[in-house]
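The values are calculated or read from the model by the stated rules, or taken from the named source; none is laboratory data. Computed from a predicted structure; not experimentally measured. Here Cβ is always computed from backbone atoms with ideal geometry, including for glycine, and neighbour counts include all displayed protein chains. Remember, those area values only see protein heavy atoms, side chains included, never the ligands or the DNA or RNA. Shrake-Rupley method; radii C 1.70, N 1.55, O 1.52, S 1.80 Å.
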Amino acid sequence: MKEWSREERYRVLQSPEEIRELYERIKRSPYRQRYHVQPVTGLSSDPNGFALHKGKWHLCYQWGPWGAVHGLKYWYHVTSPDLIHWSNEGIGLAPDRDYDNKGAHSGSAISVGDELYFYYTGNHRDENWVRTPWTCAAFLDAEGKLRKLPEPLFGPRPDHSEHQRDPKVVWNAEKGRYYIFIGAQTLDKRGCVLIYESERPLTGWRFAGELKVPGYESFGGMWECPYITRIGGKDLLIFSPQYTTLPGRGNSTNHNVYFIGRMDYDTLTFTPDGPYRFLDFGFDFYAAQGAANVNDPQKAILISWIGLPDNHYPTEEEDWEGSMTLPRELRIRDGRLLQTPISGIEALRGEALPDEGRLPEACELELEIPAGDFDLALFTKPDGSGGMSFRYDAASKTCTVDRRGMNKRFNPQVFEVLDVPLENELRRLRIFIDRSSAEIFINDGEATFTTHSYPEENEHWFTHSPAAVRMWALSASVTDEFVV
Ligand code: FRU
């Protein structure tokens, strides 16, 4: 694995020409995605600034131009008319001010009338590498480019650690106020969320207090990327707790969880209806963010990074890694979150393919499963051996995904085998495979499983126990153009 010096990781991009050769090289990789947003070069991580504005979806991702390494972060901007077809727009935010000199870190967006506002963390470091996180804002100008405000909105709280970032802005009509939720850490290293409020989107911000989540005063060491929304009269709080292991999640110290409950803006208390739950049970899923301005009180739209902090992926050798998930629709039914692939994705389907064991590199599978145990293996060799197995044990209502059978193995010290406990019997799977990922939607969204997968030439087959299978190759919907 290549060793990067701090200088290399934090090098400022002076001209697109410096990375053109990298782009020309990686675009030929067999693992470049066909219908998922992926980094133009280098590394993509968290989704940022996701909103619908004047009929167009805007999304940015944390971008490291130089290679598959975390260092100086930019926002890279993509847009879509329908959340399925995406175009590269170029750099959204560059770390070009003193207050964000070591990175434009994660954040959110909100459309207000004719304006689209962005909120992000300016990651400043001084010559001794001491960090000051600033909460900063930008807006979309008439040319469709992000323009920064001259000054940050506010600085960090001295009564919390340097980990204060990832502003999520929301409008609360009852209070007539905007709120910003900031992922944070207390001085004694407990994860938490700080809340700011203002009557106006770009001025007048004041600290309101720390979010209280009864029962979760000590849950992980930092809550990254908070997201809050209301669906069907319930509040949904999502965040990515880190610096802790959690039951059922191997040795991973990075997680993405949610609560359904009630947010009280008078007392700044989120009261969960039940225990935390994993947003996705897969190997590679983190920093999920919902879109603003979805304008449907019954659903939210979520997108996430396929990847984890501190982990390494096989395309690192090719100097790039990461991808966004498909956008997914979130609904709440009987107090449980249901997640389904973005509607309209069926438009990418080609002719239905026969269930003869061959797995196209970009495809969708639908399986209707009879009662009882069930076995599926994806990415097997032509003789059905190897691959990533998906086993359902009817007695315990548990699915187990095991990726140890694939030629390219990665992050074995974190996990290669994970369980998905179900409430209901397994009856239905909907699986989206792209050239370096697989997303499995179980029982119409009762649970999901997202993973990177890097099949080699001899790993494009699948096997399964009796089930009704429908399969389609999916066409490309994301332009992979060099726009910087
Ligand atoms: C989550 C995260 C955020 C931060 C960003 C930096 O993956 O650590 O908390 O803003 O990545 O790239």
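Volume per residue for the range 210-298 equals 109 cubic angstrom (convex hull of Cα atoms).
Carbon-plus-sulfur fraction of the accessible area of the chain, 1.4 Å probe, in percent? Spell out each step's value before the answer.
Working: 8710 of 18440 Å².
Carbon and sulfur together cover 47 percent of it.
Angle of helix 17-26 to the longest C-alpha principal axis of the chain, folded into 0 to 90 degrees and rounded to 10: 20°. If you bin all the Cα-Cα distances of the range 325-422 at 10 Å, starting from zero, the percentages per bin are 12, 31, 43, 13, 0. Modelled this way, with points 7 Å down the Cα-to-C-beta line, the labels at Lys54 and Arg277 are 3.9 nm from one another.
For the peptides 315-324, 262-271, the ranking by packing is 315-324, 262-271, with the highest mean count of neighbouring Cβ atoms within 10 Å listed first.
Computed on the Cα trace of the chain, the radius of gyration divided by the Kirkwood hydrodynamic radius gives Rg/Rh = 0.95.
Could you work out the helix-only [θ] at 222 nm for the chain, with each DSSP H run of four or more residues adding -39,500 (n - 2.57) and the total divided by the number of residues, to the nearest 500 deg cm²/dmol? Don't skip to the answer; put the middle values down first.
Values: 2 runs with 14 residues, N = 484.
Mean residue ellipticity, 222 nm, calculated: -500 deg cm²/dmol.
Residues of the range 325-362 falling in the label zone of Asn424, defined by backbone nitrogen less than 19 Å from a point 7 Å along Cα to beta-carbon, are 329-343. For Glu361, put the label point 7 Å out on the Cα→Cβ axis and report which residues of the range 14-38 keep their amide N under 20 Å from it. Of the residues in the range 14-38, 22-38 have backbone N under 20 Å from the label point off Glu361.
Once both labels are positioned 7 Å from their Cα atoms along Cα-to-Cβ, the gap between Ser29 and Thr79 label points is 2.7 nm.
With the charge dipole of the chain set up from +1 on Lys and Arg Cβ and -1 on Asp and Glu Cβ about the Cα centre, the Cα lying farthest toward the positive end among the listed residues Thr451, Phe415, His124 is that of His124.
What translational diffusion coefficient, to the nearest whole µm²/s, does the range 86-170 have by Stokes-Einstein, given a Kirkwood radius computed over alpha-carbon pairs, a temperature of 4 °C and 1.567 mPa s viscosity?
Working: Rh = 13.5 Å.
For the chosen part, D equals 96 µm²/s.
Calculated FRET efficiency, Asn295 to Arg11, Cβ-Cβ distance, R0 = 41 Å: about 0.50 to the nearest 0.05. Answer rounded, prolate or oblate for the range 23-149, using the Cα gyration tensor with square roots of eigenvalues a ≥ b ≥ c: rounded when a/c is under 1.5, else prolate when a/b is larger than b/c, else oblate. Judged from the Cα gyration tensor, the range 23-149 comes out oblate (a/c at least 1.5, b/c at or above a/b).
On full extension, the segment bounded by Ala395 and Glu481 gains 26.1 nm, given 0.36 nm per residue less the C-alpha separation. Between Thr132 and Asp266, the distance separating the two model label sites (each 7 Å from Cα on the Cα→Cβ line) works out to 3.8 nm. Per residue, the accessible area of the chain comes to 38 Å², computed with a 1.4 Å probe over protein heavy atoms only.
For the range 22-98, with only Lys/Arg (+1) and Asp/Glu (-1) charged at the beta-carbon, what is the dipole magnitude about the Cα centre, in debye rounded to 20?
Values: 9 positive and 6 negative charges, 58 e Å.
In debye, rounded to 20, the range 22-98 gives about 280.
Of the residues Tyr265, Pro327, Ser80, the one whose Cα sits farthest towards the positive end of the charge dipole of the chain is Tyr265 (charges of +1 on Lys and Arg Cβ, -1 on Asp and Glu Cβ, taken about the Cα centre). Taking a point 7 Å out from the Cα of Lys234 in the direction of its Cβ, the residues of the range 251-270 whose backbone N falls within less than 19 Å of it are 256-265, 269-270.
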